[in-house]
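One structure is given below, encoded as structure tokens.
The values are calculated or read from the model by the stated rules, or taken from the named source; none is laboratory data. Everything numeric here is computed off the predicted structure, so don't read it as measured data. Using ideal geometry, Cβ is built from the backbone for each residue, glycine included, and neighbour counts are taken over all protein chains shown. Accessible surface areas use protein heavy atoms only, side chains included; no ligands, DNA or RNA. Shrake-Rupley method; radii C 1.70, N 1.55, O 1.52, S 1.80 Å.
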Amino acid sequence: MSLLNPATRAAVAGIRRRPRQLLLTGLAVLVATAFAAGAVLLTGTLRAALTEDAVHTPAGASHVVSVRSTDADADSAAGTLAQRLRAVPGVTDVAPGFSGVVPVAAGTTSGDWLVSSDPMTGPLSVLPAPEQGRPAGPGEVLVGAATAERTGLVPGDSVRLGGESMRVAGVVGLPFESLDSLVLTTQDALALDGTLYASRIDVAGDADTAALGAAAGGERVRTAAEQRDAEIAEASASVLAVLAGLSVFVGLALVASAVVVGSTFRIVLARRSRDLALLRCVGASRGQVTRSVLAEAALTGLVAGVFGTAAAVGAGHAGIAVARMSGVDAPALAVQPLWLAGCVLLAVLTTVLAALPPARAAGRVPPVVALGAADVTEARAPRARTRLPAAAVLAVLAAGTAGIGVTLGEQLAGLAVIALSGLLLFAALVVTGPFLISAAATLLRPVADRSGPLRLAVANASRLSRRTAAMTTVLALGVGLTAALLVAVAGASDDARASIDRAYPADAVILPVWQGDDAARGAAAQQLAVTLDAEPQLQAYAAGTEVRVDAVPGADPRAVREAVAGVIGDAGSVTWTADVREQMESGLSVARTIGAGLIGTTVVVAVVGVAVTLALSVGERTREIALLRTFGLTRAGSRRAVAAEAGLAGAVGAVVGVLLGAVYGLLALRAMGMDGGTPPVGQLVGLAAVVTVVSVAASVAPMRRAGRVEPAHGVVG
Amino acid sequence: MTGAAAAAGAVELVRRYGSGPGAVSALAGITLYIPAGRFTAVMGPSGSGKSTLLHCLAGLDRPTSGQVLLGDTRLGTLGDAELTRVRRDRMGFVFQDGNLLPHLSAGENIDLAVALAGRRPDGAWRAELVDRLGIGARLGHLPSELSGGQRQRVAVARALLGRPEIVFADEPTGALDTTSGRELLGLLRACVDDYGQTVVMVTHDPLAASVSDQVLLLRDGLAAGRLVAPTPDAVLAALGALSGERATGVRPAGQGARA
């Protein structure tokens, strides 16, 4: 402690005596850090779980040869390549790994299944023991456990694929089963070469790598250990991509929290200006005062970071415990201490950077303030001469980058450029915020004149425009992101619906399989159309190489599907337009939910900012409120004034956010080559209303505090 | 006071606030000297410029024109960092209230200026001051746990610890009751008598001013007279003459003395 300079020691002592204020100041950072730590925990856990499943190389393999050719008749095809490899001295076994998505008919249903191959016995089998039945032999298949549950298939049933009927020998647990899945023997898969593709050949024995390389022709040969490392690296890379995506949103939440923390430091320091001046008076240099504030910020960031990270770890454990209790097979939480320490460091850095401008301002407090000669608050008007040109430059840059983004024609890059433009505009908003608030206050003044509390709120907002601006800009950021998401999802839905209508002009579209050229496919389609049209519930016609099927009006949908499945079996793959639509809608709703979750943190930080700012403001204005109470402001009136201030900040933030967000949502759609259509006006209005209401709700605690101020507080000390 | 060396001084000091026709001159070209090792009180009606004079002498405010001297140092030529060092090492301050940092103990507050300079306090001197000011038992307490008189005595200890060339006191008894105020004035007087300390005190209170060696009277930003070895009655009379019709009348000490 004695290592610190006395100014810093005074600041630290202040924190020790009033820990609540530190938590209040750091609350926004706490939320953002919890989000950052949550992202780290999620990706760490995902990585641990994925790398476990990512290894496809069997324990008994010595080498893995990758196969690039997809031509079944070529010299490099899996079948021929496997034979050559088997002939290499030292090789005891080879197993090409086939897989593919092909039509499979099971009972009265037919659809596209994920079909893969396994040797079933020997060192190169990767399957666990079947849960039911026994390993498959020639002409038999194993069905995935989840697939068996969905389709009701049991050992002894049969399925049709590739024009053959195959017997279900058993049910086996498979790692991923989003699609209906079955496994057949390697020999049967070889016969389906051309429909299924082999991307790799596992080799067992003690063959020489170079000899295998010679036999493999140009194909890549890896030892099993190398292959496992590569598989793990691939899984890690995809997890890192998830982390990179999340970090964009973590960054946004941190930016929002930095704006809030900067503003709260300004308020807290304004209240302490007399103490700071006293320090300056008795000989503290500007640097010592500034450093004391930065030390306070570092401590605030440290505490907020530790609490936020701890909250994320706690929530992670709790979430997994709940998931396990409800029967979900959740992996253990992967806690990476180094990464979490990084999150805490990030919290410290964010807080210190955010506190830098107020800390420098604190150093400039004139010492004469200590004698009560000048009353210094942070009400000093922001300098228009430097701020407005800076904002204009930022706005021009934002418009320029937006133009580049829209005309780039490259989807992802365009989107990134649009996001950059959005950040530039946000920076312009931060710079001009105080002036916008003053302008909004001027606009509202005629309306406000009719109510005392409202007039007070408007006056406070414009007098402390910098503080109010911090609340509104952060709200605008959160609301803007949400609005952009809503507009983009609505536009993408319209676009997807339109393209589904174009691609699927009928209730179902059927593509026949097994024909080499288009003429043969066309003929097959004709033939299928005739057979399908003969069914009483169906109207079918061939269009090129596809068959389009519509249900007769009033037909039972279930009967229609069964009729189509009965005719087609495994002779073609059937796509139901209704299924595609449903998939698209559920995909978009998942995207909307995930997006809202990611953006939600920023909104939460913004609302925390409103609550904290108002709490500190009311604390600071106790005397002023008391004086107004003496002059006849009612208890309810002082409460209403605080609520009105929150509502004002919320409404300005919400309106600015919705407008800018909607524009950027449309720009993002344009960058991705969609026209966007009509924005979801109802949703946007609802968003603005909800955010305003939530802002007012966030002011409940300070509102009650303002209501408790007695008139006597203004007279006494 | 003739023959005493000057600890500080002002030469044709002008301090104007604002500009153009609306400008207000708080100091209108005042010249004065503060003798070393003496207790000087500065008095005058409200708006006479006594606070501004103190701020300028202490380097807390920059004069519009004129010179401020501390010993041989011209404060006007110093930058902020140098002024800060001068305040830290060569000046002591006692204000009306709010002298202490609320979250540091009395002892830590006493050591503040010395510690800001990165030095250790002179242990024997500190012990003597603490003993003399009667705050030995309160050093571990926070300012909020001390009485007003005790807080001011802590401030005096802090002001004297660095053995400054001059101590500035701005209404030091303003927030105290009569007894505590009188005690504090006695202690300031003792500092001058026993340690040869130079003290400059701005006050409203004729009783407080009567403790000093000389009273400098100000009116409208100019020197308006000097009382040597003042008595309360002499001070009152002089003030009454200064204010003309706006006679201040008799005020009990320690009341109505707020700036």
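Worth a mention:
- Residue in segment A:33-55 that is in contact with a Cys (Cβ under 8 Å, 6 or more places away or on another chain), within 30 Å of A:V604 (Cβ to Cβ) and of a type in the set (V, I, T) present: yes
- If you go through segment A:680-708 and keep only what is of a type outside the set (A, V, I, L, M) and either touching a strand residue (DSSP E or B) at 6+ places or on another chain (Cβ under 7 Å) or closer than 17 Å to A:A596 by Cβ (or both), you end up with A:P680, A:G682, A:Q683, A:G686.
- Qualifying residue in segment A:329-347 (condition: away from every other protein chain (no Cβ under 14 Å), under 17 Å from A:A28 (Cα atoms), of a type in the set (V, I, T) and touching a residue at least 40 places away in the same chain (Cβ under 8 Å)): yes
- Counting residues in segment B:6-15 that are over 14 Å from the mean Cα position of the chain (by Cα), within 14 Å of another protein chain (Cβ to nearest Cβ) and over 18 Å from B:I166 (Cβ atoms) gives one or more.
- Test: residue in segment A:172-194 that is in a loop (DSSP other than H, G, I, E, B), of a type in the set (D, E, K, R) and within 25 Å of A:D570 (Cα to Cα): yes
- Checklist (1) among the β-branched types (V, I, T); (2) in contact with a Ser or Thr (Cβ under 7 Å, 6 or more places away or on another chain); (3) open to solvent by 10 Å² or more (accessible area, probe 1.4 Å) applied to B:V235, failing item: (3)
- The listed residue being touching a Ser or Thr at 6+ places or on another chain (Cβ under 8 Å) and either open to solvent by 50 Å² or more (accessible area, probe 1.4 Å) or in contact (Cβ under 8 Å) with a residue 40 or more places away in the chain (or both), out of A:A578, A:A565: A:A565
- Screening segment B:51-149 for helices (runs of 4 or more DSSP H) wholly inside it with 2 or more residues that are within 14 Å of chain A (Cβ to nearest Cβ) returns the ranges B:80-90, B:106-116.
- Of all residues in segment A:10-40 being within 12 Å of another protein chain (Cβ to nearest Cβ) and touching a residue at least 60 places away in the same chain (Cβ under 8 Å), the one that is surrounded by the most Cβ atoms within 10 Å (Cβ to Cβ): A:A11
- A:R561 assigned to a helix (DSSP H, G or I) and under 45 Å from the mean Cα position of the chain (by Cα): yes
- From the list A:T300, A:T290, the one residue that fits, being more than 14 Å from every other protein chain (Cβ to nearest Cβ), part of a helix (DSSP H, G or I), crowded, with 20+ Cβ neighbours inside 10 Å and modelled with pLDDT of 85 or more, is A:T300.
- With respect to the conditions (1) at the interface with chain A (Cβ under 9 Å from one of its Cβ atoms); (2) at positive phi, B:R163 lacks only one, and its number is (1).
- Of everything listed in (1) at pLDDT 90 or above; (2) open to solvent by 50 Å² or more (accessible area, probe 1.4 Å), the single unmet condition for B:A5 is (1).
- Flag if B:V24 is more than 8 Å from every other protein chain (Cβ to nearest Cβ), surrounded by fewer than 16 Cβ atoms within 10 Å (Cβ to Cβ) and in contact with a Gly (Cβ under 7 Å, 6 or more places away or on another chain): yes
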